[in-house]
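In what follows, a structure is listed as structure tokens, so that the remarks can point back to it.
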Amino acid sequence: MIPYVESVFPAKRMEQRHFLIHDAVRAMTSLQKSFLSLATILLLTSEARIRADEPEPVVSAAMQTMFSPVSVPKRKTMGLLQRNFLDVAEQKTELEVAIVVDGTNSMTDELSGVRQSIHRMIADLRRLRGEEVRVALVIYRDAGSPSGEVETPLAEFVSDEPTITRAIERLRPESGAPFFYELMDLGLHEAITRLPWSEDPTVSKWILLFGDAPPYDITYRDDAFPKASRRFADDLLISLASQRGIQIHCVLCTSTSDTKESYQTSIGQTRRVMDRLASQTGGMVLDLSYPVIREALAGVARQPQPEFTAIEPITQTDLSGYQQPSANQQVVRIAVLPHEPFDSMAFGPDRPATQVATALASQFSTIPGIRVKSVLDVEKQVRRMRAEGLNGPEALRGLAARMRVDYIVWGRIQDNPAITSVAFRKNDGRPIVRVSHNGSPDGLANVVLSAAAKSPGADAVFSQFANQVLKKGNSNQWLASVSSNPPLVKNLLTAMGALEQALGLPIGSDESDRMLAQAKAAASLAIQIEPANPMANWLLANVAFNQASSYFRAGEQDQAKEAMKQCRSALRLADQRKEEIKSSALQLEIEADYRLIARKDFDAAIEIYRQMIAPGMPEETQARGHWMLSGLYAGDWGIDASSVDPQRSREHVIALLSGWPERPESDLLRRWLQWDEQTKTTRHNHLPRLNDVLVGIE
């Protein structure tokens with residue numbers, strides 16, 4: 001249920017984690033689907049907006065993301081080179097890092113950010129590299145600064161945190177003269193030539209330069225301030241650094257409001273200098289002066305630092321050797337489109353055409369052996385097809401190929417009969433099943449399968465699969481209607497659709513908040529119609545969990561607390577009446593999440609999640625079980641330390657990556673573990689425990 005999102009363990013959409021967003025459990029009755037797993041991954045993986053009035057130092061957020069696969073923005077908007085620092089931090093060797101910082105008044109806010117996040121950045125580096133990381137500190141200022149032009153609070157490379165802390169506390173802003181330009185070149189020369197760099201060629205050597213202003217121009221002269229001058233040319237600094245094997249990485253910081261005009265006037269020169277220093281020494285530039293980069297980092301500084309659990313590296317051999325338990329069930333992949341014309345197709349969750357697609361997708365996903373594409377994937381590909389001017393069979397073949405599905409289900413809503421659905425196969429876009437259904441969409445999947453079973457000539461594969469489903473009685477077991485009340489069904493479908501779409505948007509964004517509010521309103525209306533309806537309460541629990549995650553990320557603790565209270569309350573009501581849902585898989589999931597979130601009965605929750613991964617369970621249910629078990633065994637969700645088992649966690653991660661490689665959870669895991677497509681192995685072998693704090697809110 002709730003844990004999934006953008007959480008790896010339980011959250012990205014595999015974001016799991018601090019938040020309670022659970023994997024999308026689509027194992028629901030005919031019109032039921034759980035979004036917890038999808039919620040977790042989608043929420044975590046996205047960037048949040050800052051809701052408080054006072055801004056956080058931008059550099060603090062940058063330092064928290066530079067070497068963290070968990071919090072680095074997915075978009076590589078990290079500066080002039082359009083890469084991120086994870087690209088240069090993969091080498092598994094010892095590392096010496098000289099932090100070289102502009103210590104003048106214009107850096108007042110950013111110096112606070114450096115002090116705030118230096119230890120988190122170093123911890124991220126150590127996890128990523130797996131070797132010793134040692135740090136030195138050089139502060140450069142300007143002529144006339146009370147502490148001198150250059151100060152070296154940490155003149156040796158050390159790894160001891162108390163020593164680093166004492167040095168960082170000396171990082172305070174001071175005034176200088178004559179104006180905005182600073183002695184960057186002098187600070188770099190001091191770091192390159194005076195620090196005791198290792199002579200061992202296997203030791204990596206970096207300078208991390210933080211500044212908001214360029215060095216003096218080589219021609220600058222001021223008789224009133226004779227020391228305010230360029231001391232060392234770029235070419236010399238680059239040559240000296242290259243001789244010692246030092247990479248210079250630059251962070252172009254923001255400036256105070258008092259120096260905004262000078263900052264903007266000189267920003268071009270600052271960029272050129274930093275770009276040259278970095279590019280010619282193999283380094284990188286992170287340019288925080290660009291609004292798009294600041295927006296991508298927004299809110300990161302407010303997020304608590306997660307704990308991590310180390311696991312053994314995962315290789316392609318591990319994935320290839322994984323044998324997924326099978327119930328001798330062929331896997332069929334299906335995408336469902338809103339039932340309206342392609343050129344005007346929209347995805348609003350309260351639209352009748354979208355609700356038909358939501359009902360069909362949720363019903364199909366409760367059948368063992370069927371994998372259904374998410375509405376987010378469908379919408380993205382539909383927009384691309386339309387942008388390319390494709391329509392008709394050509395568009396259907398293109399959609400099937402891009403989404404890697406076997407069949408596309410699409411149709412129309414008409415006056416009589418009410419709904420017509422058609423199944424098209426991928427190879428030629430040919431319609432193989434056409435059915436009419438007069439009534440609520442919650443039984444439509446069963447109608448489609450029944451028609452396919454009776455038409456073996458249309459498509460032998462689909463017909464054979466439909467017969468297997470019907471003969472096993474799965475249609476009755478999985479597709480039983482939740483309600484015969486049309487207004488209730490409509491609100492449930494609206495809540496499902498809005499929640500799924502919210503989980504695919506950046507957490508805390510206006511559109512995500514709007515979708516969550518729409519889902520909550522629809523679920524609340526369903527509860528007004530039928531207060532004890534387990535599906536309505538299940539959906540409300542998912543919405544409340546995702547809203548709590550958003551509040552928590554934004555630092556709004558009171559609102560997060562209230563949302564978690566509502567989540568637990570709705571989850572209890574869903575558990576009390578879960579037997580009314582004719583899906584045994586969804587019953588298991590509701591009970592497991594109730595045991596985990598409301599009762600904190602970890603042993604019972606783990607046992608139920610293990611039942612969910614059994615062969616013969618729906619694909620969504622199995623994936624959700626692996627996702628939750630990977631997180632629980634990694635120590636997430638507040639589980640007792642005695643129950644942590646990194647090897648078991650790793651086994652469930654492998655199961656997801658191998659058995660469900662296209663799921664959002666797998667995308668998130670590859671991101672967290674830094675899967676390298678060239679070496680076919682993971683580079684960051686630590687799983688974050690992101691839900692501990694959120695589930696502990698009482």
Completion exercise
By Cβ neighbour count within 10 Å, fewest first, I370, I419 rank I419, I370
Handout entry: Residue-by-residue Karplus 3J(HN,Hα) for the stretch 522-528, coefficients 6.51, -1.76, 1.60, Hz, glycine and proline x
Key = 5, 5, 5, 5, 4, 5, 4
Completion exercise
In order over the stretch 642-651: 3J(HN,Hα) from phi, Karplus 6.51/-1.76/1.60, θ = phi - 60°, whole Hz, x for each Gly or Pro, gives 5, 9, 5, 9, x, 5, 5, 4, 4, 4
Practice task
Multiply the residue gap between S524 and K227 by 0.36 nm, knock off their C-alpha separation, and tell me the result in nm, one decimal place.
Solution key: 99.9 nm
Exercise for the section: Among H686, H189, rank each residue by its count of other Cβ atoms within 10 Å, from fewest to most, as a rough exposure measure. Expected result: H189, H686
Handout entry: Kirkwood-based Rg to Rh ratio, the stretch 549-601, C-alpha trace
Key = 1.09
Problem - Relative intensity, log₁₀ I(q)/I(0), of the stretch 509-646 from a Debye sum that treats every alpha carbon as a point, q = 0.13, 0.17 Å⁻¹ - result: -0.61, -1.01
Handout entry: Enclosed volume per residue, in Å³, of the convex hull spanned by Cα atoms of the stretch 155-264
Key = 131
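Quick one: compute the contact order of the stretch 58-302, relative version, from alpha carbon pairs under 8 angstrom and 6+ residues apart, as a percent.
25
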Completion exercise
Note to self: Kirkwood Rh of the stretch 573-630, Cα pairs, one decimal, Å, is 11.2
Handout entry: Radius 15 Å from Cβ of A451, net charge of other residues (Lys, Arg +1; Asp, Glu -1)
Key = +2
Completion exercise
Using alpha carbon centers only, the stretch 605-667 is separated from the stretch 517-562 by a whole-angstrom value of 25
Fill in the blank from the handout: Pseudo-spin-label distance K561 to F179, built 7 Å along Cα→Cβ, given in nm, is 5.2
Exercise for the section: Please turn the phi angles of the stretch 265-274 into ³J(HN,Hα) values with the Karplus equation 6.51 cos²θ - 1.76 cosθ + 1.60 (θ = phi - 60°), one per residue in order, whole Hz, x for glycine and proline. Expected result: 5, 9, 4, x, 5, 4, 4, 5, 5, 5
Handout entry: Sequence-distant residues sharing a close amide H with V332 (under 5 Å, placed H)
Key = I370, R371
Fill in the blank from the handout: The aspartates and glutamates whose Cα lies under 16 Å from the Cα of K582, excluding any fewer than 8 residues away in the same chain, are D442, E591
Fill in the blank from the handout: FRET efficiency for N427 and N391 from the Cβ-Cβ distance with R0 = 22 Å, rounded to 0.05, comes out at 0.75
Practice task
With label points built 7 Å along Cα→Cβ from the Cα atoms of A532 and V644, find their separation and express it in nm.
Solution key: 4.3
Problem - Order of H437, H652, H119, H626 - criterion: other Cβ atoms within 10 Å of each residue's Cβ, fewest first - result: H119, H437, H652, H626
Fill in the blank from the handout: Interchain or sequence-distant (5+) residues whose placed amide H lies within less than 5 Å of the amide H of I248 are I207, T281, G283
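What is the extension gain from D200 to S279, computed as 0.36 nm multiplied by their sequence separation minus the C-alpha to C-alpha distance, in nm to one decimal?
26.1 nm
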Handout entry: Two-decimal log10 I(q)/I(0) for the stretch 217-283, as the Debye equation yields it once each C-alpha is a single scatterer, q = 0.15, 0.16 Å⁻¹
Key = -0.63, -0.70
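Counting only pairs 8 or more places apart or on different chains, how many lysine pairs in the stretch 58-302 have C-alpha atoms closer than 27 Å?
Lysine pairs, 8 or more places apart or on different chains, close enough: 7.
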Exercise for the section: Give the Rg/Rh ratio for the stretch 58-302, taking Rg as the radius of gyration of the Cα atoms and Rh as the Kirkwood radius, to two decimals. Expected result: 0.93
Fill in the blank from the handout: Rounded to whole angstrom, the alpha-carbon centroid of the stretch 321-396 lies from that of the stretch 183-238 at a distance of 57
Fill in the blank from the handout: Pseudo-spin-label distance S569 to D160, built 7 Å along Cα→Cβ, given in nm, is 5.4
Handout entry: Paramagnetic reach from D603 in the stretch 624-647 [backbone N under 12 Å; point 7 Å along Cα→Cβ]
Key = 643
Practice task
Return the long-range amide H neighbours of A136 (sequence gap of 5 or more, or a different chain), with a cut-off of under 5 Å between placed amide H atoms.
Solution key: V97, A98, I99, V158
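Every number here is computed from the coordinates shown, using simple stated rules; none is lab data. All values reported here derive from a predicted model rather than from experimental measurement. With ideal geometry, Cβ positions are generated from the backbone for all residues, glycine too; neighbour counts draw on all protein chains shown.
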